[in-house]
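Here the structure comes first, spelled out in structure tokens, and everything after it is commentary.
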Number of protein chains: 4
Amino acid sequence: MSTPAVDLNSDLGEGFGIWRLGDDEALLDIVTSANVACGFHAGDPDILRRVCTRAAERGVVIGAQVSYRDLAGFGRRSIDVPAATLTNDVIYQIGALDAFARIAGSRVGYVKPHGALYNRIVHDEIQAAAVVDAVHTYDPSLPVLGLPGSVWLRLAAEAGLTTVGEAFADRGYTANATLVPRSQPGALVTDADAVAARVVRLVTDGVLEAVDGTAVSVQARSVCVHGDSPGAVVMAAAVRNALQDAGVAISPFAS
Amino acid sequence: MSTPAVDLNSDLGEGFGIWRLGDDEALLDIVTSANVACGFHAGDPDILRRVCTRAAERGVVIGAQVSYRDLAGFGRRSIDVPAATLTNDVIYQIGALDAFARIAGSRVGYVKPHGALYNRIVHDEIQAAAVVDAVHTYDPSLPVLGLPGSVWLRLAAEAGLTTVGEAFADRGYTANATLVPRSQPGALVTDADAVAARVVRLVTDGVLEAVDGTAVSVQARSVCVHGDSPGAVVMAAAVRNALQDAGVAISPFAS
Amino acid sequence: MSTPAVDLNSDLGEGFGIWRLGDDEALLDIVTSANVACGFHAGDPDILRRVCTRAAERGVVIGAQVSYRDLAGFGRRSIDVPAATLTNDVIYQIGALDAFARIAGSRVGYVKPHGALYNRIVHDEIQAAAVVDAVHTYDPSLPVLGLPGSVWLRLAAEAGLTTVGEAFADRGYTANATLVPRSQPGALVTDADAVAARVVRLVTDGVLEAVDGTAVSVQARSVCVHGDSPGAVVMAAAVRNALQDAGVAISPFAS
Amino acid sequence: MSTPAVDLNSDLGEGFGIWRLGDDEALLDIVTSANVACGFHAGDPDILRRVCTRAAERGVVIGAQVSYRDLAGFGRRSIDVPAATLTNDVIYQIGALDAFARIAGSRVGYVKPHGALYNRIVHDEIQAAAVVDAVHTYDPSLPVLGLPGSVWLRLAAEAGLTTVGEAFADRGYTANATLVPRSQPGALVTDADAVAARVVRLVTDGVLEAVDGTAVSVQARSVCVHGDSPGAVVMAAAVRNALQDAGVAISPFAS
């Protein structure tokens, strides 16, 4: 019988210029996969260099956290970008990040869309296909990370890409295994120990308790944790410690 | 006795979004090396994709025309960027362009700084070293293109990079083999036939006639031509035709 | 019996940095209202200064052509900007342009949204209300220009703003007085004389011939002409000349 | 005998999009003049709206903290902007901020350049004149704030503008009344009580103790305090309290 394994991923490098967001240093000691901003919603070249260097030093896999071109909106605003432009925007970002990953002795190991793009390609066939096209064109061996059941992962799989589903450590789930919208009660689980226990159960049993108490089946090779507040880092560390205590192997899905 | 050879280089991909500058299509049939804008002074991902694709189809070598981050100023304003940031800005640009070059079946074959950065590193040791560091870190086999006698080419050579000097087809030269400042008489040669004759003499004899009539020795493996006006394209074509008529091999310096 | 009157409006100042779009000089001799880009989709401060100065010299009324923040997409991509942010983005643009209008001895005389924002607030109540809020907050005496029948003009009128409907000189209309979509036959009228004749009939009789031959009633105090190609300028001039020959007064709707 | 009076100014609104910098709320209860970022080095329209609204509510005077166009460098990098462009960039920023100041019931009350521009126009005649031209063109009744003895204040005065010199609460001074460079010992005074005592002496006696112990005469109608760290806010509050305890009137220089 095999040891269960899970990857922990988090968004990193989300500052710009003088501005910082999140505690990259602390997270790099917790996660196994770093979703690194590529400059379109956050992340300037100095930041990309620093995060890639430190991720490589720690053996954390570097992922391209690609986004709409939207610094002012932090990539959180859906934009009707034509498909061909979206494809090229994504290729540009992966290429730029890959330069820093490679000079650090690593490489871009996967792609995870950010923010509004992440949410839109859960259902938007055209934009999802455009992002798939970008990854496939750049390097068809690159895995992609996203929401289980999304159009994005379905089209990626159809194109021959390796797909990886993720769960969210601190988000509430419905009985249908979808996320509780942020505007509704139960959208967030805020107690670090409760979050840690949920993630352990998810990884060992493949089950999350939904807001209505139902036990729902969720398959996720990766779990997303946050680091944009001191409390978030504490929670991420609690998740890691609980997994280790439960004998779960914490290992990246990509190499 | 060997056939003389020269490379013709020109700036391409210098539009942004809806805006266009120069006739990329016409130039790609004339030059052997394309200095492609990388997004910091001009060049969006759609443009990078298109220019790289068409350059690769024609066997034109793709160079990274790296710049200060300055869309509003088209990279023509000197900026006191700290050295480490400049290094990372250049790596970012090369990486982004390389993605498009590689998916087109080519690769970034050389680096040529643009505009104010080009001019500044003729003499600024710190910024020149920062750009050299970027190229050397990204790929020490990449040749660099620049002004003969510049700090930029000297430091690049000292770092072990292959350096290539260029001449300007339509610029006047002083008796010291420097360019006549644009504010002075004789800065520009505007007659296409005269320009073509000057380039042929430069390539076959290693000599240019200075504004004071002196014959000055100029060693240039590459000649820069322009394409930002209908007249410029006609001049570039005249240069190419005259070189071919003179039995000069027009071939890229990089591969 | 009164002389019929019409305003001619056109988009101006739509370059950025080194890039130009359209023939501002030619249009300023044709139109009575200039929709001036404010920096979010096009238009840098040098351009705003120049266009405002020349518009004021000629007595052309200056309008704020406000847009989504989207230089790379020229404001042609719909963006899900939150309402409060959209309101503030519009106020920022009007204020910036008004500075240049005032130092030229004029002032912003009206507001016309650009591109994707123009199209979205034809039907999107929330974004339309956000733009109305911006204009009303900045100066409730400012007229707004837009598509007859749009949510934008309806909400503006409800808020007490003066609303002005416009027609498009070179666009085909359906029998319902809506524009023929650009993807369908008859979307554009390309013959300058035909366009001129249509505009004269519109202004004098309040009627346009639809693509199916129906005579449709269209009320438009302003007609939009283009200047982004040599042919467009010729057409705009033809419209102006035909109106003058027909005894129509060409006069701005705002002051 | 009159009560001594001083203005306290600080930089506010220096976030962008999701990013924040400094504690605007705390500072608005301490200072009498707010140097508000206008969007070129920091400050998006939502931030401008919020800061202007709250400043107006508290009677804090709003100043335009104008900058080079440089979000990535936070306006801290000197840029060789042509004079005419710099003038227009400054007018654009003042106009945009003035819109928010006016809808909050206030107005832009003065202009203070930021960062690299502040430092450059201490000595650069051409750029200093360009900024003076901008202010004078926009509104010749606007006071300008800057370093005593700078070219900027000299040219502003020659142009007829009201000039206001400022001192820096936490910076060391040389015996010549210039700032100790940040790279040298004594550049910063870090003890809040010491800083407060220095400011009181400056305001009541017109004297600061230089790093070599000399008492130097400094005339400053305004004192700059910072708010970009918890310690900085504590220091700013200590300065205000000490001034009040000493019977100094804390009042804006502009209205």
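Of note:
- Among (1) at the interface with another protein chain (Cβ under 8 Å from one of its Cβ atoms); (2) farther than 14 Å from D:Ala42 by Cβ; (3) crowded, with 24+ Cβ neighbours inside 10 Å; (4) touching a residue at least 12 places away in the same chain (Cβ under 8 Å), the one test that D:Ala99 misses: (4)
- Residue match in segment B:192-204 (condition: at pLDDT 95 or above, farther than 22 Å from B:Ala5 by Cα and surrounded by fewer than 23 Cβ atoms within 10 Å (Cβ to Cβ)): no
- Residues in segment A:42-69 that are part of a loop (DSSP other than H, G, I, E, B) and in contact with a His (Cβ under 6 Å, 6 or more places away or on another chain): A:Ser67 only.
- The residues of segment B:1-20 that are among the aliphatic types (A, V, I, L, M) and either at pLDDT 95 or above or in contact with a helix residue (DSSP H, G or I) (Cβ under 9 Å, 6 or more places away or on another chain) (or both), listed by number, are B:Ala5, B:Val6, B:Leu8, B:Leu12, B:Ile18.
- Looking only at segment A:187-199, and only at residues there that are of a type in the set (Gly, Ala, Ser) and in contact (Cβ under 8 Å) with a residue 12 or more places away in the chain, the one that is farthest from A:Met235 (Cα to Cα): A:Ala187
- Of the residues making up segment D:207-218, those that are surrounded by 14 or more Cβ atoms within 10 Å (Cβ to Cβ) and not acidic (Asp, Glu) are D:Val207, D:Leu208, D:Ala210, D:Val211, D:Thr214, D:Val216, D:Val218.
- C:Phe74 passes every criterion in (1) out of contact with any helix residue (DSSP H, G or I) (no Cβ under 8 Å at 6 or more places or on another chain); (2) touching a residue at least 24 places away in the same chain (Cβ under 8 Å); (3) not in a helix (DSSP H, G or I) apart from (1).
- Flag for A:Gln184 being at pLDDT below 95 and farther than 25 Å from A:Phe74 by Cα: no
- Looking only at segment D:219-236, residues that are assigned to a helix (DSSP H, G or I) and either closer than 19 Å to D:Gly172 by Cβ or among the aliphatic types (A, V, I, L, M) (or both) come to 6 in all.
- Selection within segment D:105-132 - more than 24 Å from D:Arg50 (Cα to Cα) and within 11 Å of another protein chain (Cβ to nearest Cβ): D:Ala116, D:Asn119, D:Arg120
- Only a single item in (1) away from every other protein chain (no Cβ under 14 Å); (2) modelled with pLDDT under 95; (3) under 26 Å from B:Ser229 (Cα atoms) is not met by C:Asp24, and it is number (2).
- Residue pairs whose Cβ atoms lie under 6 Å apart, separated by 6 or more positions or on different chains, with the first residue in segment A:200-217 and over 14 Å from A:Ala175 (Cα atoms) and the second loosely packed, with under 14 Cβ neighbours inside 10 Å and not polar (S, T, N, Q), do not occur.
- Filtered residue count, segment C:43-91, keeping only those that are within 17 Å of C:Asn119 (Cβ to Cβ), of a type in the set (Gly, Ala, Ser) and more than 14 Å from chain D (Cβ to nearest Cβ): 3
- Filtering segment C:140-153 to residues that are without any contact (Cβ under 8 Å) to a residue 24 or more places away in the chain and not hydroxyl-bearing (Ser, Thr, Tyr) leaves C:Pro140, C:Leu153.
- Failed criterion for D:Leu86 (all others in (1) under 19 Å from D:Ser251 (Cα atoms); (2) of a type outside the set (Ser, Thr, Tyr); (3) crowded, with 24+ Cβ neighbours inside 10 Å hold): (1)
- D:Arg221 surrounded by 14 or more Cβ atoms within 10 Å (Cβ to Cβ), modelled with pLDDT of 95 or more, in contact with a strand residue (DSSP E or B) (Cβ under 7 Å, 6 or more places away or on another chain) and over 29 Å from D:Arg20 (Cα atoms): yes
- Residue pairs whose Cβ atoms lie under 8 Å apart, separated by 6 or more positions or on different chains, with the first residue in segment A:158-186 and more than 20 Å from A:Thr204 (Cα to Cα) and the second at pLDDT below 95 and among the basic types (Lys, Arg), are A:Leu179/A:Arg171; A:Val180/A:Arg171.
- Filter result (part of a helix (DSSP H, G or I) and in contact with a helix residue (DSSP H, G or I) (Cβ under 6 Å, 6 or more places away or on another chain)) within segment D:173-203: D:Ala192, D:Val195, D:Ala196, D:Val199, D:Val200
The values are calculated or read from the model by the stated rules, or taken from the named source; none is laboratory data. Keep in mind the model is a prediction, meaning the values are calculated, not measured. Neighbour counts run over all protein chains shown; Cβ positions are idealised from the backbone, glycine included.
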